[in-house]
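Q: What follows is a structure written as structure tokens; I'll ask about it next.
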Amino acid sequence: MEAAPSQEHGRQHDRRQAGWRPLHDQVLDVSDDDDYNLALDQAGEALSCAGRVVVLSGAGISAESGVPTFREAQTGLWARFSPADLASPEAFAKDPERIWAWYHWRRTLIARGGPNAGHHALAQLAEIKSLQTITQNVDGLHQAAGSRRVAELHGNIWRERCSECDHARLVPMAEAQGDAPVRCRDCGAMMRPAIVWFGEMLPQTALVAADAALAEADCVIVVGTSNQVYPAAALVDTAVAGATPVIEINPQETPVSQHVDHRLAASASRALPDLVARLS
């Protein structure tokens with residue numbers, strides 16, 4: 001998660017009242033290859049029957065590219081700073097040099113890692129199915145792998161916007177050259193990363209796209225998210241509470257693991273290529 005906006009987007013989700021379905025017989029954790037292949041076959045059958053697919057992705061899919069989560073990025077030289085010291089409008093106004101140095105460091109890690117097999121598998125899936133990806137990640141790796149329809153709930157670390165005027169730009173994915181703040185070419189004011197910071201609202205366009213996609217989906221894949229960070233987790237709640245088949249891909253159990261239709265307890269870089277291969 002990049003930030004914790006102050007409000008949810010017009011809905012309150014209570015897991016106790018969400019109308020959750022009971023655990024299905026086909027929900028299997030991967031304890032060995034036989035279980036994995038059985039779960040994969042069943043998930044693949046559900047996916048093959050779908051025309052419109054929605055992917056809800058979180059930090060786990062990018063962790064395999066060496067991209068630290070928001071909390072993990074507060075290590076080493078950055079360990080002494082709180083989240084509010086590195087990801088809030090107040091912190092940026094107080095010390096833009098520190099904020100830009102942190103984001104330049106994070107950009108370098110992302111550029112070095114690049115998209116992994118999980119990202120590439122989703123881009124391949126988009127060539128077979130109508131696919132909408134809704135991501136909590138700010139790293140741009142879905143697009144780098146070739147995915148085109150991506151709604152970014154928390155913004156994009158490669159997009160910059162001026163703190164004073166309307167100028168904005170998308171910079172190429174590349175290792176940072178230095179750590180100096182970025183200035184606006186139009187007015188000379190400080191540019192800032194176009195990321196949702198603490199105290200800021202999620203972009204309405206991304207939320208509208210997410211709601212519309214979920215309403216029309218024939219299958220939902222939840223990959224690499226702990227399903228604990230709201231309001232993004234509310235989208236998972238909505239999917240699980242509905243009739244659309246839900247496939248969860250995560251090596252760790254989450255609050256929804258016992259309520260999805262199919263569970264693949266494996267990494268995204270393993271399960272997603274295997275799942276897409278089942279469609280061939």
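Q: With +1 assigned to the C-beta of every Lys and Arg and -1 to the C-beta of every Asp and Glu, and no other charges, what is the dipole magnitude of the range 224-280 about the Cα centre in debye, to the nearest 20?
A: Value, rounded to 20: 140 debye.
Q: Once you charge only the Cβ atoms, +1 for Lys and Arg and -1 for Asp and Glu, what is the size of the charge dipole of the range 61-159 about its Cα centre, to the nearest 20 debye?
A: Charge dipole, the range 61-159, about its Cα centre: 140 debye, nearest 20.
Q: Over all pairs of distinct alpha carbons, what does the Kirkwood formula give as the hydrodynamic radius of the range 145-275, in Å? Numbers along the way, then the final one.
A: On the way: mean 1/r = 0.0579 Å⁻¹.
17.3 Å is the Kirkwood radius here.
Q: If you count, for each residue, the other Cβ atoms within 10 Å and average over each peptide, how do 232-239, 40-47 line up from highest to lowest?
A: 232-239, 40-47
Q: Taking N as the number of residues in the range 237-280, what value does Rg over Cα atoms divided by 2.2 N^0.38 Å take?
A: After normalising by residue count via 2.2 N^0.38 Å, the value is 1.20.
Q: While we're here: Normalised by the residues of the chain, what does the relative contact order come to in percent, with Cα pairs under 8 Å and at least six apart?
A: 31 percent.
Q: Per-residue HN-Hα couplings for the range 146-154, Karplus 6.51 cos²θ - 1.76 cosθ + 1.60 at θ = phi - 60°, whole Hz, x for Gly and Pro?
A: x, 5, 9, 8, 10, 9, 9, 5, 10
Q: A follow-up question, please. Only counting other Cβ atoms within 10 Å, I'd like Tyr103, Tyr230 sorted with the fewest neighbours first.
A: Lowest to highest Cβ neighbour count: Tyr230, Tyr103.
Q: Continuing with the same structure: Using helices alone, what [θ] at 222 nm do you get for the chain, with -39,500 (n - 2.57) per DSSP H run of 4 or more residues, divided over all residues and rounded to the nearest 500?
A: The per-residue figure over the chain is -10000 deg cm²/dmol.
Q: Please list the non-local residues whose amide H lies under 5 Å from the amide H of Gly155, H modeled 1.01 Å from N, same-chain partners needing a gap of 5 or more.
A: Val196
Q: I would also like to ask the following. With θ set to phi - 60° and the Karplus curve 6.51 cos²θ - 1.76 cosθ + 1.60, what are the ³J(HN,Hα) couplings of the range 133-144 in order, to the nearest whole Hz, using x for Gly and Pro?
A: The phi angles translate into 9, 10, 10, 8, 7, 10, 7, x, 6, 4, 5, 4 Hz.
Q: Going by amide H atoms built from the backbone, whose H comes under 5 Å of the H on Arg52, apart from near neighbours?
A: So Arg52 has HN proximity to Asp218, Cys219.
Q: Of all the C-alpha pairs in the range 56-156, what % are more than 17 Å from each other? Intermediate values should be presented prior to the final figure.
A: Numbers: 2732 of 5050 pairs.
Tail of P(r) above 17 Å: 54 percent of Cα pairs.
Q: Quick one: putting +1 on the C-beta of Lys and Arg, -1 on the C-beta of Asp and Glu, what dipole do you get for the chain around its Cα centre, in Debye to the nearest 20?
A: 840
Q: Once amide H atoms are placed 1.01 Å from N in the peptide plane, what residues at a sequence separation of 5 or more from Arg263, or on another chain, have their amide H within under 5 Å of its amide H?
A: Distant-sequence amide H within range of Arg263: Leu28, Glu248.
Q: Out of Gln136, Val223, His154, whose Cα points farthest toward the positive end of the dipole of the chain (charges: +1 Lys, Arg; -1 Asp, Glu; placed on Cβ)?
A: Of the listed residues, the answer is His154.
Q: Which whole-Hz couplings ³J(HN,Hα) result when phi for each residue of the range 103-120 is put into the Karplus expression 6.51 cos²θ - 1.76 cosθ + 1.60, θ = phi - 60°, listed in order with x for Gly and Pro?
A: So the J values, rounded to whole Hz, are 6, 4, 4, 5, 4, 4, 4, 5, 5, 5, x, x, x, 10, 4, x, 4, 5.
Q: Among Ala111, Phe92, Ala239, which residue has its Cα furthest toward the positive end of the charge dipole of the chain, with +1 on Lys/Arg Cβ and -1 on Asp/Glu Cβ?
A: Positive-most Cα among the choices belongs to Phe92.
Where a number appears in this text, it was derived from the coordinates with a stated rule and is not lab data. Everything quoted here is computed from the prediction, not taken from an experiment. Ideal geometry is used to build each Cβ from the backbone, glycine not excepted, and the neighbour counts take in all protein chains shown.
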